[in-house]
Amino acid sequence: MKLLKLLLVILGACCFQFNSYAWIKVVKMNGGFRGYKYVNEDHSGGNHLLACAEPGKTKCKWDRHPSFSGSDSPSFEDMGAIERRITELIYSDNLIGDFWYYSIFVEYEYDVSTDTLTFTLYSQDEVDQ
């Protein structure tokens, strides 16, 4: 129950983030071997959030493809490649960082104490503003 409350707080903070940048954010918290119990997807104001929590049987994946308005948007394959790169960096003890994936700027953070991975994607157009 604590974890669910924490997830709701994170979702609320993410949805009401007041910046002018459009983003695509993924939050994965305390997943299980087969997937997640809670999977929530939100698309509002040009921002896209996928939040997954607690061990379960549902894959943490988008039902509706997230996109940046008027610029290059990541494909599902790009999203998978970005997440694999983040996993490689985390296994190399880089728990917080950022990098470019072609024209997409990626920020990520892994919190070991809560087993939470958060990563956010920005289009190059947004970064250049």
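Does the range 73-85 include one or more residues that are among the basic types (Lys, Arg) and more than 14 Å from the chain's Cα centre (by Cα)?
no
Quickly run through the range 79-117 and pick out the residues that are surrounded by fewer than 18 Cβ atoms within 10 Å (Cβ to Cβ) and of a type in the set (Ser, Thr, Tyr).
Thr87, Tyr91, Ser92, Tyr101, Tyr102, Ser103, Ser113, Thr114 - these are the residues of the range 79-117 that are surrounded by fewer than 18 Cβ atoms within 10 Å (Cβ to Cβ) and of a type in the set (Ser, Thr, Tyr).
Based on this model, can you work out whether Asp72 counts as outside any helix (DSSP H, G or I), loosely packed, with under 15 Cβ neighbours inside 10 Å and in contact (Cβ under 8 Å) with a residue 40 or more places away in the chain?
Yes.
Give the residue that is farthest from Tyr36 (Cα to Cα), with candidates limited to residues of the range 53-69 that are in contact with a helix residue (DSSP H, G or I) (Cβ under 9 Å, 6 or more places away or on another chain) and among the hydrophobic types (A, V, I, L, M, F, W, C).
Step by step, filter the range 53-69, then rank; the result is Phe68.
Evaluate the following for Ala81: is it part of a helix (DSSP H, G or I), small (Gly, Ala, Ser), at pLDDT 95 or above and in contact with a Phe, Trp or Tyr (Cβ under 8 Å, 6 or more places away or on another chain)?
Considered against the rule, which asks whether it is part of a helix (DSSP H, G or I), small (Gly, Ala, Ser), at pLDDT 95 or above and in contact with a Phe, Trp or Tyr (Cβ under 8 Å, 6 or more places away or on another chain), Ala81 comes out as yes.
Which members of the range 88-114 meet the condition of being outside any strand (DSSP E or B) and either of a type in the set (D, E, K, R) or within 13 Å of the chain's Cα centre (by Cα) (or both)?
Result: Glu88, Asp93.
Picking from Leu117, Leu89, Leu95, which residue would you name as being in contact with a Lys or Arg (Cβ under 7 Å, 6 or more places away or on another chain) and at pLDDT 95 or above?
Leu117
The values are calculated or read from the model by the stated rules, or taken from the named source; none is laboratory data. The model shown is predicted, which means the values in this text are computed figures rather than measured ones. Backbone-built Cβ (ideal geometry, glycine too); neighbour counts: all protein chains shown.
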